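Accompanying notes for the structure given below.
The values are calculated or read from the model by the stated rules, or taken from the named source; none is laboratory data. All values derive from a computational prediction rather than experimental measurement. Neighbour counts are summed over all protein chains in view; Cβ atoms, including those assigned to glycine, are modelled from backbone coordinates with ideal geometry.
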């Protein structure tokens, strides 16, 4: 047995009971993963959709290196990146901030882009003693639970995605009138729209996922707005039912990776008065099909 294969054999998954979400143990991400270990980690991620590694005291350079092992950079829109690190966002919230919590709505990262990111990597650097959980929702399970009639109804539909609600000059981040550490850059570009399938076929697993979210999916192509909102209201509520969710509790130096092609997420609050610091990267995806 080769040394690389031996290292890969030490990596294993500790999945949640539902199978949605798994801890990965036996990997040291402060060092580059060999090809066999990286394949093992990716296989676990594709199976469980959300994975996490404890006790990973990564520097910014470490996070960038590992992210590039995962894929090419995703595009950063409407947020100023960390100085000197154009592909890393520092999601910092200071104890005295009163602005709304960033990410506090169910969404799939940057679903308004032509080719939204495949993976999001989020590393915790400073974790408050209370609150700050991240909730994840399983798009595969949500789709599978729909009736056959509903599946036939939505199969040909394309959702209209836009960043206008949070990031336009009229959006809620631009007009809440409160100072925040995270530098958001509202723009008229946020009003642009893209259409993507309501039911997305994952390019690697070939599984179908329900792929709409209340932050960025603003309509359905070809439908009257009232018709679209009736369907989207049902689908977005269905997608985040408790039976499809996993609530992740953070520890310092924990890296979480989730698959935006089949998962949406929500950043919970509950830590006012405490500092929270996270570093985030995304990897390039493909146009949804």
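Does region 20-43 contain at least one residue that is closer than 30 Å to residue 172 by Cβ, in a helix (DSSP H, G or I) and at pLDDT 95 or above? Checked against the condition, which is being closer than 30 Å to residue 172 by Cβ, in a helix (DSSP H, G or I) and at pLDDT 95 or above, region 20-43 yields no hits at all. When region 183-203 is filtered for residues that are within 22 Å of residue 90 (Cα to Cα) and crowded, with 20+ Cβ neighbours inside 10 Å, only 190 remains. Checked against the criteria, residue 54 does not count as surrounded by 22 or more Cβ atoms within 10 Å (Cβ to Cβ) and within 22 Å of residue 250 (Cβ to Cβ).
For region 276-286, state whether one or more residues are in contact with a helix residue (DSSP H, G or I) (Cβ under 7 Å, 6 or more places away or on another chain), farther than 30 Å from residue 57 by Cβ and crowded, with 21+ Cβ neighbours inside 10 Å. Looking through region 276-286, none of the residues is in contact with a helix residue (DSSP H, G or I) (Cβ under 7 Å, 6 or more places away or on another chain), farther than 30 Å from residue 57 by Cβ and crowded, with 21+ Cβ neighbours inside 10 Å.
Table: residues versus (1) surrounded by 15 or more Cβ atoms within 10 Å (Cβ to Cβ); (2) under 24 Å from residue 38 (Cα atoms); (3) without any contact (Cβ under 8 Å) to a residue 12 or more places away in the chain.
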{"position": "62", "(1), (2), (3)": "yes, yes, no"}
{"position": "71", "(1), (2), (3)": "yes, yes, no"}
{"position": "80", "(1), (2), (3)": "no, no, no"}
{"position": "92", "(1), (2), (3)": "yes, no, no"}
{"position": "97", "(1), (2), (3)": "yes, no, no"}
{"position": "101", "(1), (2), (3)": "yes, no, no"}
{"position": "110", "(1), (2), (3)": "yes, no, no"}
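Restricted to region 151-259, the set of helices (runs of 4 or more DSSP H) holding at least 2 residues that are farther than 30 Å from residue 124 by Cβ comprises 225-239. Of the residues in region 174-191, not one is closer than 22 Å to residue 146 by Cα and touching a residue at least 40 places away in the same chain (Cβ under 8 Å). Confirm whether residue 270 is over 17 Å from the mean Cα position of the chain (by Cα) and at pLDDT below 95. Considered against the rule, which asks whether it is over 17 Å from the mean Cα position of the chain (by Cα) and at pLDDT below 95, residue 270 comes out as yes. The set of residues in region 168-182 being touching a strand residue (DSSP E or B) at 6+ places or on another chain (Cβ under 7 Å) and surrounded by fewer than 16 Cβ atoms within 10 Å (Cβ to Cβ) consists of 181 alone. Checking each residue in region 233-262 for being touching a strand residue (DSSP E or B) at 6+ places or on another chain (Cβ under 6 Å) and under 20 Å from residue 150 (Cα atoms) picks out 239, 240, 244, 262. Counting only residues that are over 13 Å from residue 160 (Cβ atoms) and touching a residue at least 60 places away in the same chain (Cβ under 8 Å), region 222-243 holds 7 of them.
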